[in-house]
Amino acid sequence: MHENSVIRHAGITLRALPGMARFALRCAPADAPRASQALGLDLPLAALTASAGAGRAALWLGPDEWLILAEDGAAETLPPAMEDAFAATPFSLVEVSGRQLAYGLSGPGAEEVLAEGCPLDLSDAAFGPGTCTRTLFGKVEMVLWRPGPEPAWHIEVWRSFAPHLHAHLREALLDL
Amino acid sequence: MLLIRCPHCGDRPEVEFRHGGEAHLARPPEPAALSDAEWAAYLHQRRNPRGPHAERWRHIHGCGRFFNAVRDTLTDRFLATYPTGAARPDGTQQGDPA
Ligand SMILES: [Zn+2]
C-alpha cells in the first residue's frame, strides 16, 4: 500500500509521512496577530513563505489563506484557541486533516524528481528554504514546501489524488 | 512554457492559471430598470478585440486569487497584470474591434 511504503533510489527517499492535524485558515491579513497568538507561531504574511516550530507549521497559500499543519493533538485544541483569539472578528478555520496526506521526498537531487511533473523553478535561488506554494505535479494539485536548507520536500496532496501522484513520483524516482 | 505574472506570487507557469473572461464589467446597479436588450447585452455581449484586451485571470493552482491582465490577443503577450479593483494601466489601450 503506497501510504506505508518507503522507496529509496539513487540516494533519494520517497516516503509517506505520518498523519497529522491540518486546518485551512482564512482571515484578513490585518488580523494575523490573533491567529499567531492562538497558534504560538507567527502567521507568515510574505507570499510563498512558511513558518514552523514546536510541532506546528503555517504555510502561506494566498493573501488571506493559510494551511496549518500540526501534531495530532491540535485537532482538539486549536479551534477553541482560535475562537478565543478572534472573539467577534470574522475568520474561518476548517479542519482538513483527513482531506489530504503528505509525502516526504529527500536526498541530493530530489528536486529532479519533482521536475518530472512540476513546472516551477526549484533551484535554491528561486525556491529557497522556507518557501511553500500550491502548484501542480502533472495535472494533480499539490502544496509543495521546502522546510529547511537541506534537499527535503514536504508534499501535501488531496487523498483521492494521492495514489496517482505517488505512482508518478515513484516512476520519476526510479527513472533517475 | 509561457510565464504569467501573478500580482501575489510573481512569474508562474501558465498551466497554473485559468482565464476568467473580460475584465472591468460592472454589474448594473438596478437590473430591473434595464430593458431585455440591455440586460442581455450585459450578460452575453463581450468585446473580442484583435490586440490588447483586459481580462480576468485566476491563479487557480497557486494563490487561488483572481486578478486582471491586459493580454494581446494577436501575440498572446501579457502587457500587464494588476490586482482586481485597480484601474487598467496606462499605455494598454484596447485593441481594434474584430
Ligand atoms: Zn498567485
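At R0 = 30 Å, how high is the FRET efficiency between B:ALA26 and B:ILE60 if r is their beta carbon distance? Nearest 0.05 is fine.
0.80
Based on other C-beta atoms within 10 Å, arrange B:PHE66, A:PHE23, A:PHE91 from fewest to most.
B:PHE66, A:PHE91, A:PHE23
Between A:ARG170 and B:GLN45, how high is the FRET efficiency from 1/(1 + (r/R0)^6) when r is the Cβ-Cβ distance and R₀ = 35 Å? Nearest 0.05.
0.10
Can you give the local net charge around A:PRO29? Use residues other than it whose beta-carbon is closer than 14 angstrom to its beta-carbon, Lys and Arg +1, Asp and Glu -1.
Neighbourhood net charge equals -1.
PRE reach from A:ALA28 (point 7 Å along Cα→Cβ): which of the stretch A:89-120 fall under 14 Å by backbone N?
Answer for this model: A:89-92.
Per residue, how much space in cubic angstrom lies within the convex hull of the C-alpha atoms of the stretch A:21-95?
69
Counting other C-beta atoms within 10 Å, which of B:HIS8, A:HIS154 has the fewest, and how do the rest follow?
Lowest to highest Cβ neighbour count: B:HIS8, A:HIS154.
Over the stretch B:1-46, what number does the Rg to Rh ratio reach, with both radii from the alpha-carbon atoms and Rh per Kirkwood?
With Rg and the Kirkwood Rh in hand, the quotient comes to 1.23.
Can you pull the percent of Cα pairs in the protein assembly as shown with separation above 30 Å?
So the portion of pairs separated by more than 30 Å is 41 percent.
For each of A:VAL157, A:VAL96, A:VAL143, count neighbouring Cβ atoms within 10 Å of the residue's Cβ, then give the residues from fewest to most.
A:VAL96, A:VAL143, A:VAL157
The numbers here are math on the coordinates, done by the rules we state, and not lab data. Being a predicted model, the structure only gives us computed values, none of them experimental. When we count neighbours, we look across all protein chains shown, and the Cβ atoms used for this are built from the backbone with ideal geometry, even at glycine.
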